[in-house]
Amino acid sequence: MNGIIAFDTVYSTASEPLDIGIAVVHEFLGAGVAEPSTGLILATTSSFTKPACDLSQREAVRYRLHLRDYLDLTAWIAGYAAKRGR
């Protein structure tokens, strides 16, 4: 696909200052199995617990599951705004 990564499944969560735990990541991975896709992005305006991050780095899931937290989201928005000239 000419260097473009296609993701079919995105899950977004807006959380209080609480970190997103491994249970949410497990649930999302289960949904990814039920609904095959090229990749999974779990995005939050909060952050992820260490166990959730560790799970996302396991060999079996690290190329399929991508966790994106508040800092990632703000960088995406800033990059988009810069490209749009804003």
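Of all residues in the range 37-86, those satisfying the criterion of being free of Cβ contacts under 8 Å to residues at least 12 places away in the same chain, surrounded by 10 or more Cβ atoms within 10 Å (Cβ to Cβ) and not small (Gly, Ala, Ser) are Lys50, Asp54, Gln57, Arg62, Thr74, Trp76, Ile77, Tyr80.
Going through the range 54-74 one residue at a time, which ones are out of contact with any strand residue (DSSP E or B) (no Cβ under 9 Å at 6 or more places or on another chain) and among the small types (Gly, Ala, Ser)? The one that is out of contact with any strand residue (DSSP E or B) (no Cβ under 9 Å at 6 or more places or on another chain) and among the small types (Gly, Ala, Ser): Ala60.
The condition (being at pLDDT 90 or above and assigned to a loop (DSSP other than H, G, I, E, B)) is satisfied by just one residue among Arg62, Arg58: Arg58.
Look at Asp54 and say whether it is among the acidic types (Asp, Glu) and touching a Ser or Thr at 6+ places or on another chain (Cβ under 8 Å). It is false that Asp54 is among the acidic types (Asp, Glu) and touching a Ser or Thr at 6+ places or on another chain (Cβ under 8 Å).
The values are calculated or read from the model by the stated rules, or taken from the named source; none is laboratory data. The structure presented is a predicted model; accordingly, all values stated were derived computationally and were not measured. All Cβ positions, even for glycine, are placed from backbone atoms using ideal geometry, and neighbour counts span all protein chains on display.
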